[in-house]
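*Asks:* My structure is below; once you've seen it, I'll send some questions.
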Amino acid sequence: MKQIGHFIDGVNVTGTSGRTADIFNPNTGEVQAQVSLASVSEMDGAVASAVKAQAEWARVNPQKRSRVLFAFKALVEKHMDELAQVLSSEHGKILADSRGDVIRGLDVIEFACGVPQNQKGDFTMGAGPGIDVYSIRKPLGVVAAITPFNFPAMIPMWMFGMAISTGNAVILKPSEKDPSVPMRLAELFVIAGGPKGLLNVVNGDKEAVDAILAHDDIKAVSFVGSSDIAHYVYIEAAKAGKRAQCMGGAKNHGIILPDANMDQAVQDVLGAAFGSAGERCMALPVVVPVGEGTAERFLEKMLPAIDSLRIGTSTDPDADYGPVVTAAHKARVEGYIDLALKEGADLLVDGRGFELQGHEGGFFMGPTLFDNVTADMTTYKEEIFGPVLQIVRAATFEQALKLPNEHQYGNGVAIYTANGRAAREFADRVEVGMVGINVPIPVPVSYHSFGGWKRSAFGDINQYGMEGLRFYTKTNTVTPRWLESDELSEDSAFVIPTF
Ligand code: NAD
């Protein structure tokens, strides 16, 4: 059985804690590897190596830091097929989607390559008599990145790209469900010329996360995962005096106004609801047709579209989506379908009990569609994170707007309409971090930034873009005055200087 340890100080090391977790092949249901779960002392060793590497890296000029990231980007591109293969085999998403996972991460690496420009400081000449002021952004030191299973390439790169470019060292604690891609990315970083110890991958579970939260040398924690754990990490990090940005779960609504291009809306919702088996924080698991007859027009096109969905293994080039990540996750999603039925939603398409011929042990699920879901249902209030689409009908624009606004999550939302005025008003009034107008999955490009509102994100600063750069740096403002050797300042030393 393949054993996955950790990547510390530039080399793969075997885990010593004696604790492991199984990694499944979601296509077959078989255990394909075991990953070590780090102990506190293994975490301490990784942090010590990061502290050493960071002290030197912080003195490397920004253009040289940028060159390492350019080389890393080129190397990852060269290994794209291999990475996508590994990613699909542990996660279950189809190969084309795994490539997208890597590419969206590389977009942030590309942005991070602009660090010589982006980390440049501000300078004011003559802020007072003979006095100048400059502000610079310095790295924090060692920072931690704790990532979820559903984007094992993109989210680690969001974090370590920005952190390393700005002069920090990183402890990456990826999901224990699919750690192979993060491990390989760290290896490629060293092959590309990255200093050893600057990017360490420490695999593990709650014990490793708690070791991060308790470690004095870790100055900031960037987390993406489910909301309860995001909140826990945020509170504990803040208590320990660490900077924290903790992104959580989501329940994104797709609002369809009566004048929407229905063919486009159906095509987009189909991909956004069922792509990656619904395991995306920017998926669209709720659709809100607005006004008389809109739901019927939506269903007329959506039902045959669902019927034509192809479910296959993650390596099947004809599949639209593959299996979910684990048997436990499949059981959880099926539990929500059972509950929705009890709550009185109308089950139009039932994805339970689906088996892929020749892969009966795999964690496959058919698509599920519910109609007449209401805002008081638990299955509406909570995140399901599977191939399940819920229709909540709304009579008016105001009723539709109220749904995302009153929901506990506020990650993403999309509106479909031909009316610019309605879209503008919606974007202005909706209480959600990322808004798509006739765009189903509005994950911002790398030079903007990513972040939800409400229980979808704890902390003030978004991921990547200039916000990411600010998260991983602290401002240093210097006020110098150079007098002639015999010159005396006329200021009194007893009052605050005013200019
Ligand atoms: P998860 O919360 O189970 O795990 C996330 C990380 O936390 C992992 O590294 C895991 O090892 C660690 N962890 C798990 N249990 C822990 C505990 N008790 N204490 C401390 N750490 C613990 O999330 P997941 O299932 O891997 O990912 C899916 C979730 O992530 C969904 O809720 C999804 O919406 C969310 N997500 C959010 C975003 C976003 O940007 N808002 C992006 C992707 C995924």
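*Asks:* Could you please find all residues in segment 333-357 being over 22 Å from residue 392 (Cα atoms) and in contact with a Phe, Trp or Tyr (Cβ under 8 Å, 6 or more places away or on another chain)?
*Replies:* Of segment 333-357, the ones over 22 Å from residue 392 (Cα atoms) are 353-357.
Answer for segment 333-357, where residues must be over 22 Å from residue 392 (Cα atoms) and in contact with a Phe, Trp or Tyr (Cβ under 8 Å, 6 or more places away or on another chain): 354, 355, 356.
*Asks:* Condition (residue is out of contact with any strand residue (DSSP E or B) (no Cβ under 6 Å at 6 or more places or on another chain) and within 27 Å of residue 321 (Cα to Cα)) applied to segment 411-427: is it met by at least one residue? Give the steps one after another, and end with the answer.
*Replies:* As a first pass, look at segment 411-427 and keep what is out of contact with any strand residue (DSSP E or B) (no Cβ under 6 Å at 6 or more places or on another chain): 411, 417-422, 424-425.
In the following step, the residues that additionally are within 27 Å of residue 321 (Cα to Cα) were identified as 411.
Checking segment 411-427: at least one residue is out of contact with any strand residue (DSSP E or B) (no Cβ under 6 Å at 6 or more places or on another chain) and within 27 Å of residue 321 (Cα to Cα).
*Asks:* Just to be sure I understand, how many residues within segment 455-490 are in a strand (DSSP E or B), in contact with a helix residue (DSSP H, G or I) (Cβ under 9 Å, 6 or more places away or on another chain) and either in the same structural domain as residue 282 (by TED's automatic domain parsing) or over 14 Å from residue 160 (Cα atoms) (or both)?
*Replies:* Initially, segment 455-490 is screened for residues in a strand (DSSP E or B), giving 457-458, 463, 473-478, 481.
So of that shortlist, the ones also in contact with a helix residue (DSSP H, G or I) (Cβ under 9 Å, 6 or more places away or on another chain) come out as 457-458, 463.
Subsequent filtering for residues that are either in the same structural domain as residue 282 (by TED's automatic domain parsing) or over 14 Å from residue 160 (Cα atoms) (or both) retains 457-458.
So the answer is 2.
*Asks:* A further question follows. Kindly indicate which of 401, 389 is over 26 Å from residue 309 (Cβ atoms) and crowded, with 22+ Cβ neighbours inside 10 Å.
*Replies:* Working: 389 fails: over 26 Å from residue 309 (Cβ atoms).
Matching residue, one of 401, 389: 401.
*Asks:* Moving on to the next point. Determine which single condition residue 199 fails, assuming it passes every other condition in (1) near the ligand (Cβ under 9 Å from one of its atoms); (2) more than 29 Å from residue 286 (Cβ to Cβ); (3) surrounded by 24 or more Cβ atoms within 10 Å (Cβ to Cβ).
*Replies:* (1)
*Asks:* Please work out which one of (1) within 17 Å of residue 142 (Cα to Cα); (2) touching a residue at least 40 places away in the same chain (Cβ under 8 Å) is the condition residue 227 fails and give its number.
*Replies:* Unmet for residue 227, out of (1) within 17 Å of residue 142 (Cα to Cα); (2) touching a residue at least 40 places away in the same chain (Cβ under 8 Å): (1).
*Asks:* A further question follows. Being part of a helix (DSSP H, G or I), in contact with a Pro (Cβ under 9 Å, 6 or more places away or on another chain) and of a type in the set (Gly, Ala, Ser): is that true of residue 208 here?
*Replies:* Details: part of a helix (DSSP H, G or I): yes; in contact with a Pro (Cβ under 9 Å, 6 or more places away or on another chain): no; of a type in the set (Gly, Ala, Ser): yes.
It is false that residue 208 is part of a helix (DSSP H, G or I), in contact with a Pro (Cβ under 9 Å, 6 or more places away or on another chain) and of a type in the set (Gly, Ala, Ser).
*Asks:* Looking at segment 438-451, can you tell me whether even one residue there is out of contact with any Pro (no Cβ under 7 Å at 6 or more places or on another chain), more than 16 Å from the ligand (Cβ to nearest atom) and in a helix (DSSP H, G or I)?
*Replies:* Among the residues of segment 438-451, not one is out of contact with any Pro (no Cβ under 7 Å at 6 or more places or on another chain), more than 16 Å from the ligand (Cβ to nearest atom) and in a helix (DSSP H, G or I), which makes the answer no.
*Asks:* Right, residue 431: within 16 Å of the ligand (Cβ to nearest atom) and loosely packed, with under 15 Cβ neighbours inside 10 Å or not?
*Replies:* On the way: within 16 Å of the ligand (Cβ to nearest atom): yes; loosely packed, with under 15 Cβ neighbours inside 10 Å: yes.
In short, yes.
*Asks:* Tell me, please, whether a residue that is farther than 20 Å from residue 167 by Cα, at pLDDT 95 or above, out of contact with any Cys (no Cβ under 9 Å at 6 or more places or on another chain) and within 9 Å of the ligand (Cβ to nearest atom) can be found in segment 259-274. Write out each step before concluding.
*Replies:* Here is the first cut: in segment 259-274, the residues farther than 20 Å from residue 167 by Cα are 259-274.
From the residues that got through so far, the ones that are at pLDDT 95 or above too are 259-274.
Narrowing further to those that are out of contact with any Cys (no Cβ under 9 Å at 6 or more places or on another chain): 259-274.
With within 9 Å of the ligand (Cβ to nearest atom) added as a condition, the list becomes none.
Within segment 259-274, not a single residue is farther than 20 Å from residue 167 by Cα, at pLDDT 95 or above, out of contact with any Cys (no Cβ under 9 Å at 6 or more places or on another chain) and within 9 Å of the ligand (Cβ to nearest atom).
The values are calculated or read from the model by the stated rules, or taken from the named source; none is laboratory data. None of the values given here were measured: they were computed from a predicted structure. Cβ atoms come from the backbone with ideal geometry, glycine included; neighbour counts cover every protein chain shown.
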